[in-house]
Amino acid sequence: MKFIFLGIYLLVTLLRFALEWLNLRHRQQAQKPLPAAFAGQIDEERLKRSDAYALAGDKLGLLEDGVGVLLTLAFLFGGLLPWYDRWVSVQMEGFIGQGLLFFALLALVQMLVGIPFSLYRNFIIEERFGFNKMSFKLWYADFFKSLLIGGGLFALLAGGSLWLVKAAPQSWWFWVWGFWSGLTLFLMYASPYLIEPLFFKFKPLEKVELEDGVRELLDKAGVKAGKVLQVDASRRSGHSNAYFTGIGKVKRVVLFDTLLMQLDDRELLAVLAHELGHWRCGHIRKRLIKGQLVALFSCWLAFILLKSGILPSWLGLDQLSFVGQVLLLGWVGSLAGFFWTPISSWWSRHQERQADQFAIDLVGSGRQLASGLVKLARENLSNLFPHPLYVAIYYSHPALVERVLWLEQGRVNSDTEGGS
Ligand SMILES: [Zn+2]
């Protein structure tokens with residue numbers, strides 16, 4: 001059994017690395033002439049720069065991934081897990097205490113391993129290409145804030161779940177799921193008020209000229225309780241973006257201040273229309289429901305497998321503590337997740353098309369959104385030549401060249417659903 005799992009892990013790892021290599025080769029070799037919409041915006045020089053930027057990221061990603069693979073192999077297949085499992089059980093008394101210690105130390109190691117990569121990414125790569133706006137001081141402040149918030153949430157989630165497992169040994173899968181989904185919902189409502197302001201400053205759009213256009217667009221889109229805000233992303237990075245978040249009464253569209261600097265008013269309104277499309281098509285609600293159903297099924301399956309006592313044999317072991325088995329299950333789940341990725345990416349790209357279609361209908365043309373996206377690609381040094389297979393598996397948004405062509409034509413997609 002142990003060698004079957006080792007084989008699957010090595011196969012998935014090989015596939016992942018092969019995809020990265022394929023994507024890299026494709027970017028460097030298969031550069032075709034860009035469509036007319038890109039003319040005057042992205043020249044040879046830009047393409048060289050964006051290739052160099054992507055290459056620097058690829059190299060670091062490869063190294064980080066490689067370290068992760070070696071650690072995983074040593075921990076699960078090199079005998080570290082059973083040793084660590086016994087060591088934790090000697091250090092602490094009690095089911096909940098042992099469980100918390102077990103996961104906390106592992107999370108700590110994972111965090112420490114990640115620090116040099118994060119520093120290198122921000123202060124070497126992003127710095128070299130002019131994206132990094134962060135000082136060391138801000139990096140440390142962010143780091144410690146995340147550590148505190150993450151630690152608190154971890155203690156609450158893990159402690160609460162372990163307590164439920166102990167209190168309801170025959171039905172914990174349902175209660176743990178309920179606890180997690182309740183907390184997820186709470187965080188969706190509370191995070192814009194409690195957590196995000198610790199890192200970012202949100203304020204109403206500063207561009208007064210935009211106000212009428214924004215109000216008109218909200219009315220036309222039929223979005224009432226929505227807020228349009230800008231965020232001071234430029235304090236950390238020169239990258240630009242926009243996103244939508246929240247359900248019920250806390251819906252909001254957030255535009256990076258960098259985006260406001262890079263796009264003209266008509267392009268900004270088109271980006272806003274796209275984000276409004278996500279609301280009107282009910283994408284947040286659908287994602288939430290899908291996530292909850294998957295979580296419920298996972299909890300139930302975990303319960304069945306943990307009860308069966310079969311798990312330690314997967315690694316050729318006689319026994320493992322409850323939390324040791326949970327860790328093993330999480331790892332198997334992440335392996336299975338690789339095969340689920342293309343489906344969820346496809347679904348996400350489908351929703352992006354729906355939001356694009358909504359923007360076309362609302363603004364009357366896809367032209368402004370297209371030219372906005374081209375500018376964003378230029379400013380962010382985006383990869384314009386991803387391998388189609390890489391796009392199919394990983395991309396949450398349609399590949400840019402294809403998307404811009406589609407927007408320019410303003411094609412009406414027959415399988416687009418209306419608003420909700
Ligand atoms: Zn979108």
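The values are calculated or read from the model by the stated rules, or taken from the named source; none is laboratory data. Computed from a predicted structure; not experimentally measured. Note that each Cβ is placed from the backbone with ideal geometry, even for glycine, and that neighbours are counted across all protein chains shown. Surface accessibility is based on the protein's heavy atoms, side chains included, excluding ligands, DNA and RNA. Shrake-Rupley method; radii C 1.70, N 1.55, O 1.52, S 1.80 Å.
Quick notes
- Approximate shape of region 351-405 as ellipsoid semi-axes (Cα gyration tensor, √5λ), whole Å, largest first: 20, 15, 8
- With all protein chains modelled, accessible area of Y53 [1.4 Å, Å²]: 40 Å²
- For region 310-373 versus region 374-394, the gap between their alpha-carbon centres in whole angstrom: 18 Å
- Helix 44-72 vs. the chain, principal-axis angle (Cα, 0 to 90°, nearest 10): 10 degrees
- Cα centroid separation - region 17-39 against region 268-298, whole Å: 30 Å
- Cα-based convex hull, region 199-330, per residue volume (Å³, whole number): 158 Å³
- Couplings for region 115-128, taken from phi via the Karplus curve 6.51 cos²θ - 1.76 cosθ + 1.60 with θ = phi - 60°, read 4, x, 5, 4, 4, 4, 4, 6, 9, 10, 5, 4, 5, 4 Hz in order; Gly and Pro are left as x.
- Remark: C-alpha extents of region 282-383 on the principal axes read 64, 30, 18 Å, sorted largest to smallest.
- Across R403, R25, R280, the residue with the most accessible area heads the list, and the full order at a 1.4 Å probe is R25, R280, R403.
- Of all DSSP beta bridges confined to the chain, the antiparallel ones make up roughly 60%.
- Computed over region 37-109, the alpha-carbon pair-distance distribution with 10 angstrom bins reads 16, 27, 19, 14, 12, 9, 3, each value a whole percent.
- Taking Lys and Arg as +1 and Asp and Glu as -1, the other residues whose beta-carbon sits under 13 Å from that of D58 total +1.
- For region 1-100, applying the loop criterion from DSSP together with a ceiling of 10 other beta carbons within 10 Å to the GluC sites (Glu not before Pro) yields E93.
- Per residue, the accessible area of region 310-420 comes to 44 Å², computed with a 1.4 Å probe over protein heavy atoms only.
- Computed log₁₀ I(q)/I(0) - Debye formula, equal Cα scatterers, no solvent, region 22-63, q 0.16, 0.22, 0.24 Å⁻¹: -0.47, -0.79, -0.88
- Rg over Rh, two decimals, region 60-197 (C-alpha only, Kirkwood Rh): 1.04
- Scalar couplings 3J(HN,Hα) for region 253-261, obtained by applying the Karplus form with A = 6.51, B = -1.76, C = 1.60 to θ = phi - 60°, are 9, 10, 10, 5, 4, 4, 5, 5, 7 Hz; x denotes Gly and Pro.
- Of the solvent-accessible surface of the chain, computed with a 1.4 Å probe over protein heavy atoms with every protein chain present, carbon and sulfur atoms account for 66 percent.
- Residues in region 104-111 carry Karplus couplings, in order, of 4, 5, 5, 5, 4, 4, 4, 5 Hz; the curve used is 6.51 cos²θ - 1.76 cosθ + 1.60 with θ = phi - 60°, and Gly or Pro positions show x.
- Compared with the dominant principal axis of the Cα atoms in the chain, helix 322-363 is inclined by about 10°.
- Cleavage-rule hits, chymotrypsin sites (Phe, Trp or Tyr not before Pro), region 132-187, DSSP coil, Cβ neighbours within 10 Å at most 15: none
- Rg of the Cα atoms in the chain, relative to 2.2 N^0.38 Å, amounts to 1.08.
- Tilt relative to the chain, helix 136-167 - C-alpha long axis, 0 to 90 degrees, to 10: 50 degrees
- Value at 222 nm in deg cm²/dmol, rounded to 500, when DSSP H runs of n ≥ 4 in the chain each add -39,500 (n - 2.57): -23500 deg cm²/dmol
- Packing order of peptides 307-318, 202-213, highest average first: 307-318, 202-213 (average count of other Cβ atoms within 10 Å over each peptide's residues).
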